[in-house]
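Down below is the structure, laid out as structure tokens.
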Amino acid sequence: MWSSQNEQDNRHYGRHAKIPVLEPSDANEAKIFTELAFDLSEEFDSVFLLRLTTRISHSSGIVELGTRKNIEVKGYVKDIKKRLVLPAHARILHQIVEERIRRLTDYAEKFPFTHPISPKLIKKFARSVKKLIVIEEGDPVLEQEIKALGIDVIGKEKIPLCGELDPTAIKRSFGKKIYKTKIEVKDISERPPVLCPGCPERGVFYIISKLKLTATGDIGCYTLGALPPLNAMDTCICMGASVTNAYGMERMGGAELSKKLVAVIGDSTFFHSGITGLINAVYNKGNLNLIILDNLTTAMTGHQPHPGTGKLARGEEGKRILPEDVARGCGVEFVRVVDPMDLKKTEQAIKEALNYNGVTVLVFRSPCVFLKKPSPYLVVNTDKCNGCKLCLKLGCPAINLREIEKREKPVAFIEPTLCNGCNLCVQVCMHNAITTSKKD
């Protein structure tokens, strides 16, 4: 499983930019190589790229701690021939880059890089074996480099191009027997990833789904709004693409499409990559309906602060920049701030935005569930619940069904250890069957 939309092999960046690439094989090497990259970057006056595969990024291990180094700040020395890349300077810098790659190639004899490789080292190793096999995750980068040296090598004709490489994948590539341990598993429900119970983004997606809108999405927890039962997202490409995708679709589909089209982006992603697309839509007189899900944090990656939180990376107070102020500064005239925990107001605001000619911005602001104290959990009155399953359309993991004696259909059940008391299900229930528990 990857967070990116494709398995990106960033070694190509090293080759393209002509910068060295280090590729650690475990957590300890990742630490060692990072420190080494800083040292070598000073020696060779070059950026270094540390290439991490899926398993290195998603694993942990024992590392050897070192002694912290105090590096003296050198200060700035003006050097326009190095930093002001005019055509005359660029021609000289190109020669410097090529000379640096040559020096790095020589250095690779004692410390192998993924790029540049050491032809001497590779040829010496190739002469010591009967058959040379390159096992690399991703594209055939090393394989092509080695073949360019005139060395016969086995690579992607055996090793999978797609997917993560593990011992089983390698064994399968060479027709080796794979031993499987049978584990009998009974009565365990599937647990697909879902928005957290009480997530403030759930109500917005519920209304998008209810209105049968097309929603261009973005990168964040809210991408989970694409999954059943919400089914409320149509695209997810890269950070900021929700805005530009929606604008592009409106340009091609016209006003009729724009009345059923919204772009959905998170607060931190908006500050990162959404503003330029918004300006483009305003400047070009587009019809764009932008929804900003403002949960006052960067939830998906660990609750880091961003300009909309007013906090700096180390926790100290900073200048808070509100997304609605940014939108107005970009020339948007229709800007609203709405509480997404109120489904009636959420639906009303979205409908008003869809009927407006021009660019609209709706900021749905409510803190992430991890930033606030839960309300008393909710309970279902089984005498009133008729098992219509309407509450299940919220996709809340706290709501389930259970069988009750003498009832033809199962009724709703709310797991008290999961419920945050957000009241969305109370608003959805048409039979007033869901109420607040007496226990705080």
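Residue count for region 114-134 under the criterion of being surrounded by 17 or more Cβ atoms within 10 Å (Cβ to Cβ), of a type in the set (V, I, T) and part of a loop (DSSP other than H, G, I, E, B): the result is 3. The set of residues in region 38-58 being over 23 Å from the mean Cα position of the chain (by Cα) and farther than 16 Å from K18 by Cβ consists of F38, D39, E42, E43.
Based on this model, can you work out whether I146 counts as farther than 27 Å from S59 by Cα, touching a strand residue (DSSP E or B) at 6+ places or on another chain (Cβ under 7 Å) and not assigned by TED's automatic domain parsing to the domain that holds C422? Answer is no for this residue.
Note on region 348-395: among residues that are among the basic types (K, R) and within 29 Å of T214 (Cα to Cα), the one that is nearest to the chain's Cα centre (by Cα) is R365. Taken together, the residues in region 216-260 that are of a type in the set (V, I, T) and assigned to a helix (DSSP H, G or I) amount to 3.
In region 164-209, of all residues being hydrophobic (A, V, I, L, M, F, W, C) and part of a helix (DSSP H, G or I), the one that is farthest from K260 (Cα to Cα) corresponds to I170. The lone criterion from (1) in contact with a helix residue (DSSP H, G or I) (Cβ under 6 Å, 6 or more places away or on another chain); (2) not in a loop (DSSP other than H, G, I, E, B) left unmet by P24 is number (2). Looking across region 47-94, the residues that are in contact (Cβ under 8 Å) with a residue 12 or more places away in the chain, assigned to a loop (DSSP other than H, G, I, E, B) and in contact with a Leu (Cβ under 9 Å, 6 or more places away or on another chain) come down to F48, R51, T53. S209 meets the conditions (1) hydroxyl-bearing (S, T, Y); (2) more than 19 Å from V338 (Cβ to Cβ); (3) surrounded by fewer than 24 Cβ atoms within 10 Å (Cβ to Cβ) in every case but one. The failed one is (2).
Results for (1) closer than 20 Å to S258 by Cα; (2) over 25 Å from the mean Cα position of the chain (by Cα); (3) not in a strand (DSSP E or B), shown as yes or no for each residue.
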| residue | (1), (2), (3) |
| --- | --- |
| V282 | yes, yes, yes |
| G286 | yes, yes, yes |
| L296 | no, no, yes |
| A313 | no, no, yes |
| K319 | no, yes, yes |
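For A353, are the conditions met, namely being within 21 Å of F205 (Cβ to Cβ), crowded, with 19+ Cβ neighbours inside 10 Å and in contact with a Ser or Thr (Cβ under 7 Å, 6 or more places away or on another chain)? Reasoning before the result, please.
On the way: within 21 Å of F205 (Cβ to Cβ): yes; crowded, with 19+ Cβ neighbours inside 10 Å: yes; in contact with a Ser or Thr (Cβ under 7 Å, 6 or more places away or on another chain): yes.
Spelling it out, A353 is indeed within 21 Å of F205 (Cβ to Cβ), crowded, with 19+ Cβ neighbours inside 10 Å and in contact with a Ser or Thr (Cβ under 7 Å, 6 or more places away or on another chain).
The values are calculated or read from the model by the stated rules, or taken from the named source; none is laboratory data. Remember, it's a predicted structure, so these values are computed and weren't measured experimentally. Virtual Cβ from ideal backbone geometry, glycine too; neighbours counted across all protein chains shown.
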